[in-house]
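Novice: Structure provided below as structure tokens; questions to follow.
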Amino acid sequence: MGTQSRFTLQDFYGGSIQGRLAVAQGLYPDLTLALAANEPFTRMLAQAVMLEKELARTMAGLELGALCTVCGTKAGGGCCSSFMAGENDVAQLLLNLLAGVAVAALREDDECCFLGQRGCLLLFKPMFCLNYNCQQIRQGAGPDRMRCLDQATGELLQQQYALEQLLLEVLRRRGTLTG
Ligand code: SF4
Ligand code: SF4
């Protein structure tokens, strides 16, 4: 592995979103082969996908997708700005790629580059994207349904965090990540 590229935490969490996306896309082909035989990782990734599906079901029950889409078409747009795109780091983009998402920049305007015509392209989103629910959503859902939403969000975020730590450990062992 002596000839492979080496990256720092600054490459993973700093710089532009375009730079981080390029790092993730560059690492993905080698990594997908290496991780296919890593049982703890594949098991945890499968659990994360299940938790994401559960959260998506909860969100659909609250019609969040429809609400945010209406919001996004109004002047000033919704919450998915180009600023928010910067919350995505290399490890989390890699998790999306490893889960089969064709991660790419879909646009170059004031919106988040991962915002497509049918909403967010990503399966695993940044913490701020998952945690934020505006007043309209909170009031519309009511306390009980918000509790369910917060629980489903928390479970997915915990799993994403654990997966990211495992991925960083693998990358350090391979000499791909320093620091
Ligand atoms: S979270 Fe609220 S403010 Fe943000 S896009 Fe959705 S509906 Fe609009
Ligand atoms: S939810 Fe997705 S599209 Fe919206 S800001 Fe977050 S990453 Fe971008």
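The values are calculated or read from the model by the stated rules, or taken from the named source; none is laboratory data. Source: prediction; values computed, not measured. Using ideal geometry, Cβ is built from the backbone for each residue, glycine included, and neighbour counts are taken over all protein chains shown. Protein only, heavy atoms only, side chains kept; ligands, DNA and RNA dropped before computing areas. Shrake-Rupley method; radii C 1.70, N 1.55, O 1.52, S 1.80 Å.
Novice: Between R43 and L106, what is 0.36 nm times their sequence separation minus the Cα-Cα distance? Round to one decimal in nm.
Specialist: 19.7 nm
Novice: Which one of N38, N88, N133 has the biggest mean-square fluctuation once the chain is modelled by GNM with Cα springs under 10 Å?
Specialist: For the chain, modelled as a Gaussian network with Cα springs under 10 Å, the answer is N38.
Novice: When a/c is below 1.5 the answer is rounded, else prolate if a/b is larger than b/c, else oblate, so apply that to the range 100-173 with a ≥ b ≥ c taken from the square roots of the Cα gyration tensor eigenvalues.
Specialist: Oblate is the answer for the range 100-173, as a/c is 1.5 or above yet b/c matches or exceeds a/b.
Novice: Roughly how many Å² is the accessible area per residue of the chain, as a whole number, for a 1.4 Å probe? Working shown, then result.
Specialist: Numbers: 10150 Å² over 179 residues.
Normalised by residue count, the accessible surface of the chain is 57 Å².
Novice: Over the range 1-103, what is the relative contact order in whole percent, taking alpha-carbon pairs under 8 Å and six or more residues apart?
Specialist: Relative contact order here is 42 percent.
Novice: Taking the 0 to 90 degree range and rounding to the nearest ten, how far is the long axis of helix 64-73 tilted relative to the main principal axis of the chain, both from C-alpha atoms?
Specialist: Between the helix axis and the principal axis of the chain, the angle is about 90 degrees.
Novice: Is the C-alpha gyration tensor of the range 7-169 telling us rounded, prolate or oblate? Criteria: a/c under 1.5 is rounded; beyond that, a/b larger than b/c is prolate, otherwise oblate.
Specialist: oblate
Novice: Here's another thing I want to ask about it. Counting only protein heavy atoms, what percent of the accessible surface of the range 7-169 is carbon or sulfur at a 1.4 Å probe? All intermediate terms of the calculation are to be shown ahead of the outcome.
Specialist: Values: 5190 of 9060 Å².
C and S atoms contribute 57 percent here.
Novice: For D144 and C120, compute 0.36 nm times the residue count separating them, minus their Cα-Cα distance, and round to one decimal in nm. Walk me through the intermediate numbers first.
Specialist: On the way: separation 24, 0.36 × 24 = 8.64 nm, distance 2.58 nm.
This chain segment gains 6.1 nm when fully extended.
Novice: From the square roots a ≥ b ≥ c of the eigenvalues of the alpha-carbon gyration tensor of the range 61-130, which class results: rounded (a/c under 1.5), prolate (a/b over b/c), or oblate?
Specialist: Prolate.
Novice: To continue, here is another question. Expressed as an acute angle from 0 to 90° and rounded to the nearest 10, what is the orientation of the C-alpha long axis of helix 135-173 relative to the principal long axis of the chain?
Specialist: Between helix and principal axis, roughly 0 degrees.
Novice: Continuing with this model, one more query. Which number do you get for Rg(Cα) / (2.2 N^0.38 Å) in the range 31-75?
Specialist: 1.76
Novice: I would also like to ask the following. Within the chain, what's the longest stretch lacking trypsin sites (Lys or Arg not before Pro) that sit in DSSP loops with no more than 15 other Cβ atoms inside 10 Å?
Specialist: Numbers: sites that count: R6, K74, R107, R118, R174.
In short, 7-73.
Novice: Cα centroids of the range 22-101 and the range 136-179: how far apart, whole angstrom?
Specialist: Cα centres, the range 22-101 to the range 136-179: 10 Å.
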